[in-house]
């Protein structure tokens, strides 16, 4: 189940009976939610800053909250009254916790101090000092004898909860420690860090027992199940992971949030997990470790670059997860995952014969791969900055690359030898490509210019000026007569490749344009943007023929298939989407969205721009009616016409229906417990 909160969710907690969820929100409120229905039961107001941490007393009668306003509030759950306001911290209160008997509260603050409070009187019992930077997380052991704390100083400390004495300093993390938690029996401690790792410690000896690796960004929250068998973690990589606490094996990856996941918690019986995210939602998950629905191959992070093979049978993609994937363009199956880069893969391309793939990465290298075996044929080294863009010459003999080091390199694709370095841009080179006859190179840069180069001599022939912000993407038309460029100034420009004259400026995007491409016949241009849309333009008139919507996040990359019938896009939401680019799709989709006539295929329609809420419509009549509602996890993976397929680790949702059975009992199609 997904709960839309309307504000960033910084902290979540289950009541001991599992019936309620408490959340701390960026809008300064503490909210109580019904865990079965997702309905908001109460909103507790009183803080004057974002609520960073919440916790429930064991008996469920009280809530404690810590806020950016430097205060701690204790609330009565039944009456929703603020019982006490605890003041004393001189910095934001980042973490709070009750002792299991409810008699004490511990708090950690950006003022580097930990305070222990009497939960009944509000008296400050102890102030614990020792951390040299902000305290991000605090926790009581279940017996109330010990407190653990994690800090930006990269240490975990264990304290005597009665005397306030610092008993141990645990070192092993290499970055901020965001979260700490004791196992139920107090024998172990778990910590999560910005170093992307989770450490399990012997709480008595202070020795590190295991390091769990798998997240690809900061680990924000960790906790044990009550039986001590599992650990859950959340991360800036937008996932929640379930781990075997003994073996360290990752049992399951829960993927569904579209923003950083800040907080996670188990129910006391360990059957369910709650997570809170920057995407302003709370998700409730089935915690059954025996069912892992997320083991399919595919990308685990944003898809930064996509390209079709010349025969249209395969698609290659690069990702921030450091991998290159090869996909079957017809079935959407991930055929291979190529590993070797140690940084984000920022650009990929096929050779014209489809036998090789080239990739450029944030690790400053260019890799050439055998497309059939996945073997690395060459690693091209020479750039001193991230490689943002790569391309093959048409005959496959050369590779060109553009980098943050402000240079363009030309390489022998067969030997890996660097042949020439082109210099002239005054800032990062973000995009490069070769003309079809390999005589010219075009480049786009964060210096706001487009440059045309002689590919043989390396001479800068033209510097095209007109964009008022970074030029993210450039491409030649197939005949080499025109160049298209996309920019952070939200425009797409068409240039005469011989004279450098700006022929047209296309406006319509509402944010940075990250990718542009010509159709192979030169009649159309496709562009992708941070505004989560793809535009198809008439290359001669500059008219926007169609806007493709329904994406969950930024569009990093777009490309036409060789026959121009399809467009593939790569997105921040970790998916590739294949779109129908035929003229009939343009007409059918626009007419269907206006409810004039049904789309060509499929015979149902998901509303997008007006009511993005998961409804399916029966479009077999001039007056479409609602036939089914899909919950967010299914709706987000449903191809929305003219989207034909979604390529990801999670596959996609397909819906078919018999019009003879269309009725009004749509609510029976989905149960929040997961029964469909």
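The values are calculated or read from the model by the stated rules, or taken from the named source; none is laboratory data. In this text the structure is predicted, and so the values were computed from the model without any measurement. Counting neighbours? That spans all protein chains shown, and the Cβs are built from the backbone with ideal geometry, glycine included.
Below is a table of values for the structure above.
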| quantity | calculated |
| --- | --- |
| Residue in the stretch 489-497 that is under 22 Å from residue 566 (Cβ atoms) and assigned to a strand (DSSP E or B) present | yes |
| Matching residues, the stretch 134-161, being more than 15 Å from residue 102 (Cα to Cα) and not in a strand (DSSP E or B) | 134, 152, 153, 154 |
| Count of the stretch 434-449 residues which are surrounded by fewer than 24 Cβ atoms within 10 Å (Cβ to Cβ), touching a strand residue (DSSP E or B) at 6+ places or on another chain (Cβ under 9 Å) and closer than 28 Å to residue 521 by Cβ | 6 |
| When residues of the stretch 189-209 are limited to those that are closer than 23 Å to residue 342 by Cα and assigned to a strand (DSSP E or B), the one farthest from the chain's Cα centre (by Cα) | 199 |
| Those residues of the stretch 224-238 which are in a strand (DSSP E or B) and either buried (at least 24 other Cβ atoms within 10 Å of the Cβ) or in contact with a helix residue (DSSP H, G or I) (Cβ under 9 Å, 6 or more places away or on another chain) (or both), in sequence order | 231, 232, 233, 234, 235 |
| Verdict on residue 452 being touching a strand residue (DSSP E or B) at 6+ places or on another chain (Cβ under 7 Å), more than 19 Å from residue 356 (Cβ to Cβ) and part of a strand (DSSP E or B) | yes |
| Selection status of residue 223, out of contact with any strand residue (DSSP E or B) (no Cβ under 6 Å at 6 or more places or on another chain) and modelled with pLDDT of 95 or more | no |
| Subset of the stretch 185-216 [in contact (Cβ under 8 Å) with a residue 60 or more places away in the chain and crowded, with 20+ Cβ neighbours inside 10 Å] | 203 |
| Subset of the stretch 348-381 that is under 23 Å from residue 394 (Cβ atoms) and outside any strand (DSSP E or B) - its residue that is nearest to the chain's Cα centre (by Cα) | 371 |
| Qualifying positions in the stretch 66-92 - surrounded by 22 or more Cβ atoms within 10 Å (Cβ to Cβ) and under 16 Å from residue 23 (Cβ atoms) | 66, 67, 73, 75 |
| The listed residue being in the same structural domain as residue 237 (by TED's automatic domain parsing) and surrounded by 20 or more Cβ atoms within 10 Å (Cβ to Cβ), out of 169, 219, 165 | 219 |
| Single unsatisfied condition, residue 528 versus (1) crowded, with 23+ Cβ neighbours inside 10 Å; (2) modelled with pLDDT under 95 | (2) |
| All positions within the stretch 24-44 that are touching a strand residue (DSSP E or B) at 6+ places or on another chain (Cβ under 8 Å) and either in a loop (DSSP other than H, G, I, E, B) or on the phi > 0 side of the Ramachandran plot (or both) | 26, 28, 29, 35, 38, 39 |
| Test result for residue 49, modelled with pLDDT of 95 or more, touching a strand residue (DSSP E or B) at 6+ places or on another chain (Cβ under 6 Å) and under 21 Å from residue 282 (Cα atoms) | yes |
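Quick grid of which residues meet (1) buried (at least 23 other Cβ atoms within 10 Å of the Cβ); (2) at pLDDT below 95; (3) farther than 30 Å from residue 312 by Cβ:
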position: 362; (1), (2), (3): no, no, no
position: 387; (1), (2), (3): yes, no, no
position: 397; (1), (2), (3): no, no, no
position: 402; (1), (2), (3): yes, no, no
position: 417; (1), (2), (3): no, no, yes
